[in-house]
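Trainee: Below are the structure tokens for one structure; questions will follow.
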Amino acid sequence: MLATILGDGSASRLFLEVREERGLVYDIGASAIDYQDAGALVISGGADPGRVTEALQLVTEALRRLAREAPSAAEIERARAYLAGRLERAADDPRGLAEWHASQRVLRRVPQELGELLAEIERVRPADLLRVARNLVRGGSLRVGLSAPRSTLAAVRRAVRRGDLDPSAVRPPARRSARL
């Protein structure tokens, strides 16, 4: 649900602020990877190289804000309705249903039925989302991966040195990619 509020759809925080209000990215979104024993919140987007640093600053601030203030009741209700609608549409589609059951069998020790997940979504409270957001932001667990021109990477490094970006989130790549 946190990924939905943050960046899943055109009513999400990142879409509205980073794309619509500021015009910094062509596209932006968030999704959750939720295995039984591990997971991740993935934020992805596409931006003009000259605007990457500013977009990263806004994304980082949005994450910090989410860790300080729980989402509003209206945001939570919107996210619930969005997720429930998506799940119900998947259940009506044979392929979507097959993918759901296959992923449950492969990725979870105990498969979860759609009805159980819908009930879980209904039980989510603002304090739950605040706790999850705080766990994501603290402890240096934020990471940024960039595919960009060298000049953009240099600009991001300068922003880290100035303190504009969290240095624990932006680290140089372990090795350089080969040029194609």
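Trainee: Of the conditions (1) under 21 Å from Asn135 (Cα atoms); (2) surrounded by 15 or more Cβ atoms within 10 Å (Cβ to Cβ); (3) modelled with pLDDT under 90; (4) of a type in the set (S, T, N, Q), Ser12 satisfies every one except a single condition; which number is it?
Mentor: The one condition Ser12 does not meet is (3).
Trainee: Of (1) of a type in the set (A, V, I, L, M, F, W, C); (2) surrounded by fewer than 12 Cβ atoms within 10 Å (Cβ to Cβ); (3) more than 22 Å from Gly145 (Cβ to Cβ), Ile5 satisfies all except one. Which?
Mentor: Result: Ile5 passes all but (2).
Trainee: Of everything in region 15-57 that's touching a residue at least 40 places away in the same chain (Cβ under 8 Å) and either β-branched (Val, Ile, Thr) or crowded, with 19+ Cβ neighbours inside 10 Å (or both), which residue is nearest to Ile76 (Cα to Cα)?
Mentor: The residue in question is Leu41.
Trainee: I'm checking my understanding of the structure. Among residues of region 106-141 that are small (Gly, Ala, Ser), assigned to a helix (DSSP H, G or I) and under 18 Å from the mean Cα position of the chain (by Cα), which one is surrounded by the fewest Cβ atoms within 10 Å (Cβ to Cβ)? Let's see the steps before the verdict.
Mentor: At the first step, the residues of region 106-141 found to be small (Gly, Ala, Ser) are 115, 119, 127, 133, 139-141.
Those still in the list that are assigned to a helix (DSSP H, G or I) too: 115, 119, 127, 133, 139-140.
Next, only the ones that are under 18 Å from the mean Cα position of the chain (by Cα) stay: 133, 139-140.
Numbers: Ala133: 23, Gly139: 9, Gly140: 11.
The selected residue is Gly139.
Trainee: Could you list, ordered by first residue, the pairs with Cβ atoms under 9 Å in which the first is in region 122-141 and at positive phi and among the hydrophobic types (A, V, I, L, M, F, W, C) and the second is surrounded by fewer than 17 Cβ atoms within 10 Å (Cβ to Cβ) and modelled with pLDDT of 95 or more, at least 6 apart or interchain?
Mentor: none
Trainee: Search region 32-78 for residues being in contact with a helix residue (DSSP H, G or I) (Cβ under 7 Å, 6 or more places away or on another chain) and assigned to a strand (DSSP E or B), and hand back the single one that is farthest from Arg105 (Cα to Cα).
Mentor: For region 32-78, the residue satisfying everything is Gly45.
The values are calculated or read from the model by the stated rules, or taken from the named source; none is laboratory data. Here the structure is a predicted model, which means the values were calculated and not measured. No Cβ is skipped: glycine too gets one built from the backbone with ideal geometry, and neighbour counts run over all protein chains shown.
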